[in-house]
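Participant: Before I ask anything, let me first share the structure, which is written out below as structure tokens.
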Amino acid sequence: MHDSIKNYEDIISAIKTKLEDQKINLMPKIIAVSKTFNLEKILPLIKYGHLDYGENKVQEALEKWTDIKQKNSNIRLHLIGKLQTNKVKFALKIFDYIHSVDSIKLAKKIADEQKKQNKKVKIFIQINIGSEQQKSGVDKNQTNDLLNFCKELNLDVIGFMCIPPANQEPEKYFKEINLLSKKFSLPEISMGMSSDFLKAVENSSTYLRIGSRIFGKRH
């Protein structure tokens, strides 16, 4: 068995145990974060039947996934990195989900481009949950304004995304996003990575972004 498949099965098993312990019914989706890994690493997991993959650069995603997505239309590609407005038209060509909408300007650009391409993607609003200057994401206090603006533009906002501050216990931030999600009645939460995905599961994350834990260390 290929390493990535064994790792993937171990993750599924750990999640199921956690769900049983916490008496949670909802199995979160795993986004296999394939950024920087070449196709050789990713193909065994595709053949195994996994469908959700995450990339953080538009150009890399286009080069890597265009052919594969034409052959397998069930594959869902998630943009989990920062999206610049000048890359939106290319992003919409390849991605099915955008996890990093954090400004009115970006939301407007996506709405305009969706009309041109006659394609609708699913959107997460990225919240700067730790109020960190160097991080992307909308300020917590402006969440309502951005969400309402996205709705006016008829964007398909399905949930919130966050990256908690590094070197801090992520749990309080996960709890906060969970509460915000309930407050705004959004069904999906994108949080939890290789180091903290079980904590995210405890706090009702529905999309886990797991890379190195599946594919190994990045070079």
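The values are calculated or read from the model by the stated rules, or taken from the named source; none is laboratory data. As the structure is a prediction and not an experimental result, all values here were calculated from the model. Because the Cβ atoms are built from the backbone with ideal geometry, glycine has one as well, and the counts that use them run over all protein chains shown.
Participant: Condition first: buried (at least 21 other Cβ atoms within 10 Å of the Cβ) and closer than 16 Å to R209 by Cα. Now tell me which residues in region 152-168 satisfy that.
Facilitator: G159, F160, M161, C162, I163, P164
Participant: So for region 155-167 (the condition being over 20 Å from A91 (Cα atoms) and outside any loop (DSSP other than H, G, I, E, B)), does at least one residue qualify?
Facilitator: Within region 155-167, none of the residues are over 20 Å from A91 (Cα atoms) and outside any loop (DSSP other than H, G, I, E, B).
Participant: Just to be sure before I move on: is G137 on the phi > 0 side of the Ramachandran plot, touching a residue at least 12 places away in the same chain (Cβ under 8 Å) and of a type in the set (G, A, S) in the structure I sent?
Facilitator: Numbers: on the phi > 0 side of the Ramachandran plot: yes; touching a residue at least 12 places away in the same chain (Cβ under 8 Å): yes; of a type in the set (G, A, S): yes.
Answer is yes for this residue.
Participant: Now, a different point. What number of residues within region 57-84 are basic (K, R) and either over 20 Å from M193 (Cβ atoms) or loosely packed, with under 14 Cβ neighbours inside 10 Å (or both)? Spell out how you get there, then give the answer.
Facilitator: Let us first name the residues in region 57-84 that are basic (K, R), namely 57, 64, 69, 71, 76, 82.
Add one more test, that the residue is either over 20 Å from M193 (Cβ atoms) or loosely packed, with under 14 Cβ neighbours inside 10 Å (or both), and what stays is 64, 69, 71.
Number of matching residues: 3.
Participant: So, one more: Scan region 162-218 for residues that are more than 25 Å from D96 (Cβ to Cβ) and touching a residue at least 60 places away in the same chain (Cβ under 8 Å) and jot them down.
Facilitator: Once the filter is applied, which keeps residues that are more than 25 Å from D96 (Cβ to Cβ) and touching a residue at least 60 places away in the same chain (Cβ under 8 Å), region 162-218 yields L198, E202, G216.
Participant: Being touching a residue at least 12 places away in the same chain (Cβ under 8 Å) and either out of contact with any Phe, Trp or Tyr (no Cβ under 8 Å at 6 or more places or on another chain) or of a type in the set (V, I, T) (or both) narrows it down to one residue among L51, L45; which is it? Can you show your working first?
Facilitator: On the way: L45 fails: either out of contact with any Phe, Trp or Tyr (no Cβ under 8 Å at 6 or more places or on another chain) or of a type in the set (V, I, T) (or both).
Testing whether each residue is touching a residue at least 12 places away in the same chain (Cβ under 8 Å) and either out of contact with any Phe, Trp or Tyr (no Cβ under 8 Å at 6 or more places or on another chain) or of a type in the set (V, I, T) (or both) leaves just L51.
Participant: Would you be able to tell me the number of residues in region 75-91 that are within 28 Å of Y48 (Cα to Cα) and in contact (Cβ under 8 Å) with a residue 40 or more places away in the chain?
Facilitator: Residues of region 75-91 within 28 Å of Y48 (Cα to Cα): 75-81, 91.
Narrowing further to those that are in contact (Cβ under 8 Å) with a residue 40 or more places away in the chain: 78, 80-81.
Qualifying residue count for the region: 3.
Participant: Residues to consider are F149, F174, F124; find the one that is surrounded by fewer than 21 Cβ atoms within 10 Å (Cβ to Cβ), of a type in the set (F, W, Y) and either under 14 Å from the mean Cα position of the chain (by Cα) or part of a helix (DSSP H, G or I) (or both). Full working, then the answer.
Facilitator: Numbers: F174 fails: surrounded by fewer than 21 Cβ atoms within 10 Å (Cβ to Cβ); F124 fails: surrounded by fewer than 21 Cβ atoms within 10 Å (Cβ to Cβ).
Checking each option against the conditions leaves just F149.
Participant: Looking at region 34-51, is at least one residue at pLDDT below 95 and aliphatic (A, V, I, L, M)?
Facilitator: yes
Participant: Based on this model, can you work out whether L208 counts as under 15 Å from the mean Cα position of the chain (by Cα) and either surrounded by fewer than 17 Cβ atoms within 10 Å (Cβ to Cβ) or not aromatic (F, W, Y) (or both)?
Facilitator: On the way: under 15 Å from the mean Cα position of the chain (by Cα): yes; either surrounded by fewer than 17 Cβ atoms within 10 Å (Cβ to Cβ) or not aromatic (F, W, Y) (or both): yes.
So L208 passes the test.
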